[in-house]
Amino acid sequence: MTTASSADHPTRRDFLFVATGAAAAVGAAATVWPLVAQMNPDAATIAAGAPIQVDLAPIAEGQDIKVFWRGKPIYISHRTKKQIQEAQSVALSSLPDPQPDSARVKAGHDQWLVVIGICTHLGCIPIAHEGNYDGFFCPCHGSQYDSSGRIRQGPAPANLAVPPYAFLSDTKIQIG
Amino acid sequence: MSGPSDFQPSNPALKWIERRLPIFGLIHSSFVAYPTPRNLNYWWTFGAILSMMLALQILTGVILAMHYTPHADLAFKSVELIVRDVNYGWLLRNMHACGASMFFFAVYIHMFRGLYYGSYKEPREVLWILGVIIYLLMMATGFMGYVLPWGQMSFWGATVITNLFSAVPYFGESIVTLLWGGYSVGNPTLNRFFSLHYLLPFVIAGVVVLHVWALHVAGQNNPAGVEPKTEKDTVPFTPHATIKDMFGVSCFLIFFAWFIFYMPNYLGDADNYIPANPGVTPAHIVPEWYYLPFYAILRSIPNKLAGVVAMFSAIIILCFLPWLDSARTRSSKYRPLAKQFFWIFVVVCILLGYLGSQPPEGIYVIAGRILTVCYFAYFLIVLPLLARIETPRPLPNSIADDVLAKSKGRAATAASMLLALVVAGGLFAGSTQNAKAEEGGDTPPAQSWSFSGPFGKYDRGSLQRGLKVYKEVCSACHSLNYIAFRNLADPGGPGYSEAQAAAFAAEYKIKDGPNDQGEMFERPGRTADYFPAPFPNEQAAAAANGGKAPPDLSLMTKARSYKRGFPQFVFDFFTQYQEQGPDYLDAVLQGFEDKPPAGVTVPEGTYYNKYFPGHAIKMPKPLSDGQVTFDDGAPATVKQYAHDVTTFLMWTAEPRLEERKRIGMQVFVFLIIFALLMYFTKRKVWAGAH
Ligand code: FES
C-alpha cells in the first residue's frame, strides 16, 4: 500500500486501511463459521440420539445383549455370582486404570454391567465371554477386559466406558 | 504468467523454494507487478467477480455433496433435510442455488462487456474462445445441477434437454438411451448427472486457468481499445486492480445476498418443490432463466433437428466472432453504428429470454421467429457489414490521453451503471416469474402475512391454531412428511416447549419394528418421529380419494404459485414479495362455491373453486365455520382457519425463515459497511493514479 498519494494524512490513511482489513477479516471469519458448523451432526441425528429404554427381564444370568445407542454398541451383561465376585475382589493397585467395581455398576444392581462396547485402544468391538479375565477380549490388538469391563492386559489405556444410564425399575433401564 | 520474473523473495526459506519452483515469481508477475490499463471501468471487475463465484460454487457444492443423496427415491428428501436439519444447510443451499443464477448473471455481463469493447479481437481470439468454452461448460454444469433436487422441473427439464439429442439423424435414439442409462430418465441418469456435476466445475477451473493465462499473455483490453504503449498507460495490478476488484466484488455480494436471504425462491420454479413424478408433466416446462433466450430460439424453429441446430449454433457462433467482426477499431465507444446495434442486440437477447418463458403460442411464436432472425443477423450480417461501411471516430493517442479526457463525470457513470445493473438484473431475472401462465383461475387477493418482508416473523398464535386445524381437519387426508414432532419446539416455530412437543407426540401411535420376534408393533410417538401419514401408501391414498392421492402438505406453500405478470414481478423483486404460495392457498381454501356460476359446469367428482386453476378441484370443501374451536378466542370462521393453516403450512415449508431473515439483516449491515470501506480504500489507493 505504498502508492497512495503522499499528500494524504498518513494516520488517516492507515486507519482506513486497518479498518478495511479488519472488516475483511471479520467477514471471512463469519463466513467460515457456517462452512465448518455444517459438519456437526444435523438436527435429525441429534434427535435420533435421544435416550432409549431397554427391558432387562429376558436376559438370563450369564447372558448378555448388545443394543445400539447413538450408533454405539452397548453391552448389557447379566453377571454371574462368580463374575461379580471376581470383579469386586481384584486388588485395585494391580489395575492399569484403577476403578472399583462399585463405581462401574449402579448400587443394588451389582449383577448388571452396562458398558460401551468399544475398545479404548483404537475402537474395535471386544468380544464378550472371551479372554483370561471372564470379561471381554478385543481381537484387533489383544486387549483384555475383566468382568467389570476394566482393562487388564494389552495396549488399551483405559477401562470400557460406562454410558449414562439409570434404572427405571428393577428390570428396565434408560440409556442416555 | 507473463514470462520469467526477476522477483526474488527475501526470506531464505522462500528463496530456497523459489530456486526450485519459481512460484512466488509467477504470482508476483501475474497478480502483483502485472501492468493493468489505468482506464478500466467497473465492467472489468466482473472477471474477479466470476472467479469468486466459481470458488464459492465449488466450495458450497462440495459441502452440499456431503449431505446430498443421489438416488431417485431419496434425492428430493435429502435436499429438504439439508435445508431443515443440517446446521446452516438452508444458507448453503440458497448460496449454491442462487449462486448459479448470479454466476450466469455475471458471465452475461462479462460477455456483453467483451462484445461492446471488442475484447475478442486480435490478439485475444484464443482468450475469447476459451471464454466461450467456459460458458458452454457452465451451461452443462448448471443444467445437471438443476436436475439434482429431483423435483418436477428437474425431472422434466432433464427429459426435455436430453431429448434434444434425439434430433441427431440415425444415432439420436441411441445417444439418448446412452445419456439416460435406461429407457427413460431415472436413477442411473440422476447418478451420472451428479457425478458429472461434481466433475465439470473443476474442468471449468482448469479452463479458467488457461483463460487467465491467455489474458496475461495478450494483456487486458480496455475501454479505449488502444494497447498500452508507455508506463504511463498502466498501473500495477496490486494494489490498484486488486482493490478495485474487491470493491466490485463487495457490491456484487450485496446483490447476491438479497437473493440468498430475502428472495431465495424468486428465480426458482414452484413446480420444483413437487417431487419428480414420471407420470405427470407440469403445465409449462421452463428452463432456468439463463437458458431462456436459447430455449426461445429452439422453439421458434418448427423443425426438430433445425431447432436443435439453431440453438447450438446460437452459442457456437460466438467462437467465430473474432473473424465475423473484422473492424479494426475495438471499442464500440468509437464506432457510432456498432454501438447502436450492440444495444439493439442486448434488447433482442432480453426479449428472447422473455419469450422463452412464455407459452409457445400466437404472437409469441411470430415474435420469437423475428427475434431469432435478428439474433443471427447481428453476427452474420450486421457485424461483417459494419466492418466495411462504418467510419469510426478518432481514437485517443494513448490510454493516458483517454484518462485525461474523461476524468470528470466518473462517479456519475459508476453510479448509473450500478443502477442499470440492478434494474436489468431484476427485469431479466424476473422474466422467469412469468412462466406461470394463467389457466383459468382468478388471481388470489394479496393477504398481509406476519412473515413477509425483511423483518418477517411467524405469528406464534396463528401457527398453533394452524396446527390444530391441520390436526383436526387436513390430517385426515394429507400427510406432513417432512415435519417431526421435535420441530414443534424448534426456535422460530410454533413456540412449544420440549415437554409439550413430547406430550403432543405421545398422542400419536407410531408404527415401529421389527422387534426381536420380527413383528411390527405400535408405540406412542416420540419427538424424533415424523407426523404419521393418514394412508399407508400412495395407492391407498388415491383409492380412498377418488383416484388422486391428496398431496403432502409440508411444502405446499412453496410448491404452488400463480402468475404475477409484468411489471408486477419487477416490483416484487424490490418489495421482497414472496408470498404467492400462501396467498394462493388461503384463497383456494376460501374459494369453494356451492353453486358454480351460471354457465359453468365442473366434471363429476370435482368441486367448483374460484381460485383453483381450471376451477374444478377434486378436494371437497374442507373447512366450514365452527368446525374447529380455538382456545384463545380467535373466531371460528373459515377465513380465520384458512389464514392460520396457511401460516402453519408456510412454517412447515420454510421452518428456518426467521433465522434466514435475521442473519440476512446482519449480513446486509456488514456488507454495506464493508463496501463503503472498500470504496474509500479504493479511492485512496487510486488517488495517485489519476
Ligand atoms: S482396538 Fe482393541 S486392542 Fe486395539
*Can you give me the number of residues within segment A:67-107 that are surrounded by 14 or more Cβ atoms within 10 Å (Cβ to Cβ), of a type in the set (A, V, I, L, M) and under 16 Å from A:TYR145 (Cβ atoms)?*
7
*asked:* I'm told A:GLY154 meets every condition in (1) more than 9 Å from the ligand (Cβ to nearest atom); (2) in contact with a strand residue (DSSP E or B) (Cβ under 7 Å, 6 or more places away or on another chain); (3) farther than 23 Å from A:PHE68 by Cα except one. Can you identify the failing condition by its number?
replied: (1)
_For segment A:87-112, which positions are over 20 Å from A:ASP64 (Cβ atoms) and either within 14 Å of the ligand (Cβ to nearest atom) or in contact with a strand residue (DSSP E or B) (Cβ under 8 Å, 6 or more places away or on another chain) (or both)?_
A:LEU95, A:PRO96, A:ASP97
*Contacts under 6 angstrom Cβ, first residue in segment A:13-25 being at the interface with chain B (Cβ under 9 Å from one of its Cβ atoms), partner surrounded by fewer than 19 Cβ atoms within 10 Å (Cβ to Cβ), 6 or more apart*: A:LEU16/B:PHE680; A:PHE17/A:MET1
_Need pairs with beta-carbon distance below 6 Å; first residue facing chain A (nearest Cβ under 10 Å) and within segment B:660-689, second in a helix (DSSP H, G or I) and among the charged types (D, E, K, R); sequence gap 6+ or separate chains._
B:LYS682/B:LYS244; B:LYS684/A:ARG13
_Matching entry among B:THR601, B:THR637, B:THR646 (being surrounded by 19 or more Cβ atoms within 10 Å (Cβ to Cβ), over 21 Å from the mean Cα position of the chain (by Cα) and assigned by TED's automatic domain parsing to the domain that holds B:GLY495)_ = B:THR646
*Could we say that B:ALA13 is assigned by TED's automatic domain parsing to the domain that holds B:SER250, over 24 Å from B:LEU190 (Cα atoms) and among the hydrophobic types (A, V, I, L, M, F, W, C) here?*
no
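Listed here are the residues, each with its yes/no results for (1) within 14 Å of chain A (Cβ to nearest Cβ); (2) of a type in the set (Ser, Thr, Tyr).
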site: B:MET66; (1), (2): yes, no
site: B:THR69; (1), (2): yes, yes
site: B:ALA75; (1), (2): no, no
site: B:ASP85; (1), (2): yes, no
site: B:TYR120; (1), (2): no, yes
*Could you list, in sequence order, all residues of segment A:113-134 that are within 13 Å of the ligand (Cβ to nearest atom) and crowded, with 23+ Cβ neighbours inside 10 Å?*
A:GLY117, A:CYS119, A:PRO126
*Please work out which residue is nearest to the other protein chains (Cβ to nearest Cβ), limiting yourself to segment A:135-150 and to residues that are within 11 Å of the ligand (Cβ to nearest atom) and touching a strand residue (DSSP E or B) at 6+ places or on another chain (Cβ under 6 Å).*
A:PHE136
_I'd like to verify a number: residues in segment B:490-519 that are more than 32 Å from the chain's Cα centre (by Cα) and within 14 Å of another protein chain (Cβ to nearest Cβ), how many?_
11
*Could you pull out every one of the helices (runs of 4 or more DSSP H) wholly within segment B:1-114 that has 3 or more residues that are under 30 Å from B:LYS229 (Cβ atoms)?*
B:23-27, B:46-67
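The values are calculated or read from the model by the stated rules, or taken from the named source; none is laboratory data. Because the structure is a prediction, the values reported are computed rather than measured. Cβ sites come from the backbone with ideal geometry, for glycine too, and all protein chains shown count toward neighbours.
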